Each structure stands twice: as structure tokens, then as C-alpha cells.
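Taking it in order: structure first as C-alpha cells, then the write-up.
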Amino acid sequence: MSHTVSTVMAFILGTILGSFLNVVIYRLPRNLSIVRPGSRCPHCQTPIRPQDNIPLVSFLVLRGRCRVCRAPIGWRYPLVEAVSGGLLAGVWLRFAPGGAWIPLVAAALFSFMLVAVFFIDLDHQIVPNAITYPGIVAGLLLAIPQGRLVPSVVVAASAGALFLLIAVVSHGGMGGGDIKMAAMMGAFLSWPATAVALLLAFMIGATAGVLLIAVKRRSRKDPIPFGPSLAAGGVIAVFAGDAILRWYLGR
């Protein structure tokens, strides 16, 4: 199988997993089962037929509307599918050529978790324990065959402790979900990549906060979810963390 074909297949698989992520993003913060019932139109509750549930394709064929009630389908559904496809294709390109299968699985799982957290926290200002707790465990388990369990435990604990300290000093300026998410990032990433991810998260969060206040979408007193910034920093660290660190140290 050629590298191009395998990358395209990774993208297609990623869009399928992204379709499932849409279910997670919608149902998890509402305490609904992510397994049953099957996908339904959120407006008319009509079960979505298999031919209308093909990632990206169905959205284009239906022109962004439910086949039954013609209500618009949110832009986020194809966006999550496309982003998930791009992430899995990127992870494949990053790790598959060297046969680094465990890091590939870890990076893919971590990236998908970050996508879910990004949109859930953006909408509901929560980082679900149902993602962070299993994420911490999965990150540490995947560290075992890579021979870095102890460093991963140390980095996860250190990242969580840092955010806990920030929460205490800022009198609640950092949420409990952010603390657990930082620990999850430490479980999956090496300490240099974790440092890059957290630094980028603070930079992205500060920039987003200033822009939102400038365009009057938020006031200085309004809470701004930090999970999306952490997720963005984590994704960047997966793909470019080492390069960013080398650039910084080599200046």
C-alpha cells in the first residue's frame, strides 16, 4: 500500500471517528448515553439513516439540512469530522514511517480527546471527568511500552500541581477541570512537549481573551474557558513540540 493511499485512508477513518466525537461533544455534557439511541436530528428527533450519516459527504449532499424537517445542520458537525480526519492523517504522517505504532496510537487518542474537550468547554465551560480521568490512565498505560512510565507520572503530577497552585493563588481563576486536563497532557506528552503545550496554551488564552474583550464579546469579569487553549496547545505540541523547543533553545 502506498504512503499516499494509507494517508487518505487515515483521513477517512479520522472523519468516521470525528462523527462519533460529534456524538460525544453533544451528549456527554448533557449526561446522555453516547451509545444509545443512534444519531438523531436534534430538531425533529428523526433517526438519521446510514446514508445520511456519511462524514462530510452527507452534509454536502443534504446541503447542510435535515432530510426530514429541513432544519439547518450546524457547521460544527462537518468541522469536527474534517479536523479529526486531518489530525489522524497528520499523526499517521508523523509516526507511521518510523514504525512508531505505540506513539501513533497515543497521539491519535490524545488528539481526539483534545478535540472533544475543545468544543465541550467552549460550549459548556466544563472539562468532563469522563474524558480527563480515562485520559490520564490511558496516557500512563501507553507510556509503559515506551519505557517512560515514571517520567510520565512525574510530568502528569507536576503539571496538575502547577495548575492547582495557580488555582489557589488566583482564588479560583483556574477550574478543577483544567487541573485534571493539565495532568492528562503530562501523562501523554514528554516533559519538554508538556512545557511547550502549557506555554502555548497561556499565550493562546491570553490572546483570545484580549481579542474577545476588544470586540466586546466578553467583559473583563466574564469567565473565559481555558480548555480550548489547552487543547490547541496540546495539538501543536504533538506535531511541533520538539521543533518549537529546538528553535527556542537554539536562538
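Checked against the criteria, R67 counts as of a type outside the set (A, V, I, L, M, F, W, C) and over 24 Å from the mean Cα position of the chain (by Cα).
Evaluate the following for L109: is it surrounded by 14 or more Cβ atoms within 10 Å (Cβ to Cβ), outside the structural domain of G18 (by TED's automatic domain parsing) and over 30 Å from P151 (Cβ atoms)? No; evaluated as a whole, the condition is false for this residue. Across the range 4-50, the qualifying residues are those that are part of a helix (DSSP H, G or I) and at pLDDT below 90, and the one among them that is surrounded by the fewest Cβ atoms within 10 Å (Cβ to Cβ) is T4. In the range 155-192, of all residues being among the hydroxyl-bearing types (S, T, Y) and outside any helix (DSSP H, G or I), the one that is modelled with the lowest pLDDT corresponds to S170.
Considering only residues of the range 191-220 that are under 20 Å from V117 (Cβ atoms) and of a type in the set (S, T, Y), which is surrounded by the most Cβ atoms within 10 Å (Cβ to Cβ)? The qualifying residue surrounded by the most Cβ atoms within 10 Å (Cβ to Cβ) is T194. When P145, P151 are checked against the criterion of being assigned to a helix (DSSP H, G or I), surrounded by fewer than 18 Cβ atoms within 10 Å (Cβ to Cβ) and either more than 19 Å from the chain's Cα centre (by Cα) or not assigned by TED's automatic domain parsing to the domain that holds F11 (or both), a single residue qualifies: P151.
Given the condition out of contact with any strand residue (DSSP E or B) (no Cβ under 9 Å at 6 or more places or on another chain) and either touching a residue at least 24 places away in the same chain (Cβ under 8 Å) or surrounded by 19 or more Cβ atoms within 10 Å (Cβ to Cβ) (or both), answer yes or no: does some residue in the range 166-175 qualify?
Yes.
Quick one: which residue in A156, A161 is buried (at least 17 other Cβ atoms within 10 Å of the Cβ) and either in contact with a strand residue (DSSP E or B) (Cβ under 6 Å, 6 or more places away or on another chain) or among the small types (G, A, S) (or both)? Of the residues listed, the single one that is buried (at least 17 other Cβ atoms within 10 Å of the Cβ) and either in contact with a strand residue (DSSP E or B) (Cβ under 6 Å, 6 or more places away or on another chain) or among the small types (G, A, S) (or both) is A156. Here F59 fulfils each of the conditions (1) of a type in the set (A, V, I, L, M, F, W, C); (2) modelled with pLDDT under 95; (3) not in a helix (DSSP H, G or I) apart from (3).
Looking for something of a type outside the set (D, E), more than 22 Å from A240 (Cβ to Cβ) and not in a helix (DSSP H, G or I) - is there at least one such residue anywhere in the range 75-93? There is at least one residue in the range 75-93 that is of a type outside the set (D, E), more than 22 Å from A240 (Cβ to Cβ) and not in a helix (DSSP H, G or I).
The values are calculated or read from the model by the stated rules, or taken from the named source; none is laboratory data. Note that this is a predicted model, so its numbers are computed, not measured. Counting neighbours? That spans all protein chains shown, and the Cβs are built from the backbone with ideal geometry, glycine included.
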